[in-house]
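The values are calculated or read from the model by the stated rules, or taken from the named source; none is laboratory data. Keep in mind it's a predicted model, so treat the numbers as computed, not measured. Ideal geometry is used to build each Cβ from the backbone, glycine not excepted, and the neighbour counts take in all protein chains shown. Note: areas computed on protein heavy atoms with side chains; ligands, DNA, RNA excluded. Shrake-Rupley method; radii C 1.70, N 1.55, O 1.52, S 1.80 Å.
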Amino acid sequence: MGAAEKVVILDFGGQYTQLIARRVRELKVYCEIKPYNVTLAELLEAEPSALILSGGAGSVCKHGAPRCDEGIYGIGVPILGICYGMQLMAADLGGIVKEAQKREYGKTSITITKRVELFKGLGEQLVAWMSHADQVREAPPGFAVVAVSDNTPVAAIADEDRKFYGLQFHPEVIHTPQGQMMLSNFLFHICRFSGSWTMENFVELSIRDIREKVGDEGRAVCGLSGGIDSSVAAVLMHRAIGSRLTCIFVDHGLLRKGEKEQVISTFEGHFNMDIVVVDAASEFLSRLRGVTGPEEKRKVIGNHFIRVFEREAQKLGDVEYLVQGTLYPDVIESGTATAAVIKSHHNVGGLPEDMDFKLIEPLRHLFKDEARLVAQELGLPEEVVWRHPFPGPGLAVRVLGEVTPEKLSVLREADAIIIEEIKKAGLYRKIWQAFAVLPGVLSVGVQGDGRSYAHTIVLRAVTSQDGMTADWFPFPYDVLGQISSRLVNEIAQVNRFVYDVSSKPPATIEWE
Ligand code: XMP
């Protein structure tokens, strides 16, 4: 994607690389992450106007450390090296890097010894997050040492002529409180960017890119799930190529209450898109008969989903492109420049790699919250924009044991009540994900005049940043009470309601 102001982050395997990207984007500058070993030609093709060299666990003192093409220092753009990135830059440009006697880890006090643009607006002392074993002992020719710490004689270096800067600490983490200021100084004072990248730009650039790729004739197909990712990808694609896009929406019988109707009314009704709705519920449910293991269920659903999708796509005739709503965190660009490893989750309800399509992933550089901003920009309804994540295999991963139409119907009703009450209480957006689970536990109760032997409904509600870790949501008792009374009153097959107070880890978000 061509953007006038563009930072390329070379990823040396650091745990904070995505966070750097995020911070840069928060400052309204577009950036992309590339693997450290990208070729110079490929890098130039991306037309970076600044580079950031990320941290990483390697040691430049050791053989086999990750190194980038040294040509990067000759392309004439400002460079910021962070931690390993600074050590590598120092080593590449003639400085001396050695293993430190003492590993430095955690919050450290830094003293600025030379006022450079990178430190504009900062005091003389600052707190910074360090995590390194090696140290720059001597700055390379042309560089000045501009900050020190007790343990690190060279905590920051700068070559103001070439606009090369290095920080031994991590400006991108919140434990470096003034870190964002340094990144902002780098982007606005050193690179002289204007910070004009917005979601509107993103939409415009994406549409232009898609049109270039697909041409005037090309046709595309998109698997629409109703979730935010595939919805945004589909609407972007539709803006770019109009009726040459067909969406396939597979109803596998494991959807939430009203979900199919909502997808149809939004995309067909509101956006006027071409959607093929496949009613495949009975095919899926018959394949799930007798299947109780969670992995087995996922496999059955995943495999059949592929088959149904292929069957429907074939009916469309000559279609060259497949649109997917893959988001940045799902793409781990590792080792080689082209390898993209998709999290195993996303292969479930996802599509196989050997399908005969060219892939278009317009969101592959975005984070979930950025995808939400794009969704708003594209005019997607609030309900889609803020919808909680929903797994590809749907309600099947929330029914423990065998999935039957009866259990699905109880779960669907319970889930609808829960979500309705959460929305009514104004809590929906405070929660990452909330849903009902049917553990399949039947127990004795008293209902009306008689004894009942009925289902338990579990409420799972968590807060999270990215779904990788999660905390249970501190649910107000009165809302729990309201949900409880509605569930047992409105669903005859339910006589008990419990709240799950487990975090992830050790639990997962879903129950399966
Ligand atoms: P767990 O249960 O592993 O879930 O803590 C983490 C997040 O991933 C979602 N999830 C899925 N998303 N396809 C998806 O697109 C899947 O097969 C899948 N399984 C789990 C889950 O809802 C949570 O947000």
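Structural remarks
- All-pairs alpha carbon distance profile, segment 355-472, 5 Å steps from 0, percent: 2, 9, 15, 17, 17, 14, 11, 7, 3, 2, 1, 1, 0
- For THR292 and ASP466, the FRET efficiency from 1/(1 + (r/R0)^6), where r spans their Cβ atoms and R0 equals 30 Å, is about 0.50.
- Long-range amide H partners of LEU322 with built H, under 5 Å: VAL221, LYS358, LEU359, ILE360
- From the alpha carbon centroid of segment 245-312 to that of segment 90-131 is 53 Å.
- With all protein chains modelled, accessible area of TYR499 [1.4 Å, Å²]: 50 Å²
- Principal axis extents of the Cα atoms in the chain, from largest to smallest and rounded to whole angstrom, are 86, 56, 39.
- Between GLN433 and VAL462, the built amide H atoms are under 5 Å apart, and every one of these is 5 or more places off in sequence or on another chain.
- In this structure HIS304 has an accessible area near 10 Å², from a 1.4 Å probe over the protein heavy atoms.
- Where the alpha-carbon atoms of segment 199-385 are placed on the principal axes, they occupy 50, 44, 34 Å, in descending order.
- In plain terms, the chain from LEU40 to LYS107 could stretch by 20.6 nm, reckoned as 0.36 nm per residue minus the Cα-Cα distance.
- Potential extension, ALA57-LYS315 segment - 0.36 nm per residue separation minus Cα distance: 87.9 nm
- Förster radius 25 Å - calculated FRET efficiency between LYS120 and ALA144 (Cβ-Cβ, nearest 0.05): 0.95
- Rounded to 0.05, the FRET efficiency of the SER502 and SER243 pair, given R0 = 56 Å and the Cβ-Cβ distance, is 0.75.
- Whole-Hz ³J(HN,Hα) from phi, Karplus 6.51 cos²θ - 1.76 cosθ + 1.60, for segment 424-441, glycine and proline x: 4, 7, x, 9, 4, 7, 7, 10, 5, 7, 9, 6, 8, 10, 10, x, x, 8
- Approximating the spin labels as points 7 Å out from Cα along Cα→Cβ, the ILE431-to-GLU200 distance works out to 3.6 nm.
- Under 5 Å from the amide H of ILE248 lie the amide H atoms of CYS222, GLY223, LEU224, VAL276, each residue being 5 or more positions distant or on a separate chain, with H modelled from the backbone and absent for Pro and chain starts.
- Taking the helices alone, the chain has a mean residue ellipticity at 222 nm of -8500 deg cm²/dmol, built from -39,500 (n - 2.57) per DSSP H run of at least 4 residues and averaged over all its residues.
- Only lysine pairs 8 or more places apart, or on different chains, with alpha-carbon atoms under 17 angstrom apart are counted in segment 6-190, and they number 6.
- Computed from backbone phi with θ = phi - 60° and the Karplus coefficients 6.51, -1.76 and 1.60, the 3J(HN,Hα) list for segment 134-148 is 8, 9, 7, 8, 9, 5, x, x, x, 9, 10, 7, 10, 7, 9 Hz; x is used for glycine and proline.
- Counting lysine pairs in segment 199-385 that sit 8 or more residues apart in sequence, or on different chains, and whose Cα atoms lie under 19 Å apart gives 5.
- When restricted to Cα atoms, segment 6-190 yields an Rg and a Dmax of 14.7, 42 Å, respectively.
- Cα→Cβ-extended label distance, 7 Å offset, between ASP209 and ASP279, nm: 3.9 nm
- Model label sites at GLU70 and GLU99, defined 7 Å from Cα along the beta-carbon direction, differ in position by 2.4 nm.
- For segment 35-48, backbone phi angles converted through the Karplus equation (6.51, -1.76, 1.60; θ = phi - 60°) give residue-by-residue couplings of x, 4, 9, 4, 6, 4, 4, 5, 5, 5, 4, 6, 6, x Hz, Gly and Pro being listed as x.
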